[in-house]
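Please treat every number below as a calculation from the coordinates, not as lab data. Source: prediction; values computed, not measured. With ideal geometry, Cβ positions are generated from the backbone for all residues, glycine too; neighbour counts draw on all protein chains shown.
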Amino acid sequence: MVEKCRTISISLIIRGLLAAIFLLLAGMAVMSYAYVRSYTVFTAVEKVANVVCRQEKSTGERVLSVTFASGPLQGKTLTIPFYGDEWVFEGRVVKWKNFAGFFGIKRYYCYERVTGRYLDAEQERAAMRTVYPLAEQPDKMWPFFYRYQRFIPFIDAAYGNSAFVSFRSDAIFEVCITPTGFMIRDITEPKTRPWWSVG
């Protein structure tokens, strides 16, 4: 009888240990999945558009050629007459709170316009500027996001955002959306590669 009780207790202990190990491994798997998913959502960079800067040699006219990779203008190319020292890509962004990544919430943004910018403030006031709309009408969700963002648990902030770089003839740029806003990356192929360049 004592032997039988001892066998049952050892069996229960082994089963309990196996159940605990299984629960521990399952918990670790869920946590790892949540971490990887959150990391992917909150570090991913999505391409929005390619922008080529050109200056006509005969007329001196400067233009931006914008080819969209995402959003409502995906696949379209716009040629925009350009005035200014720097070009600006403007839009709106919703930044989700970190825990939202676990639920797979996709980033929410919209692009609104491309503008020109002068380095000199006085010139900015007086000179010809570029203001080119990218949306026929404002996104209807934005008044809701702005007004009620503090009551929506997943939203960290909803705000306007812009990025700008200098206009350089024959330069090629990539506009991307990051978890916090727009980013412009120079992807012009250098004429000569430095000795430390890889690839």
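Rg/Rh, computed from the Cα trace of the stretch 45-186 with Rh as the Kirkwood radius, has the value 1.02.
The lysine pair tally for the stretch 45-186, using Cα distances under 24 Å and a gap of 8 or more places or different chains, is 12. Taking amide H positions as modeled 1.01 Å from N, with prolines and chain starts lacking one, the residues under 5 Å from residue 85 and 5 or more places away or on another chain are 117, 118, 119. In terms of packing, defined here as the mean over residues of other Cβ atoms within 10 angstrom, the peptides 176-182, 135-141, 110-116 line up highest first as 110-116, 176-182, 135-141. The stretch between residue 65 and residue 128 holds 20.8 nm of extra length on full extension. This uses 0.36 nm per residue minus the Cα-Cα distance.
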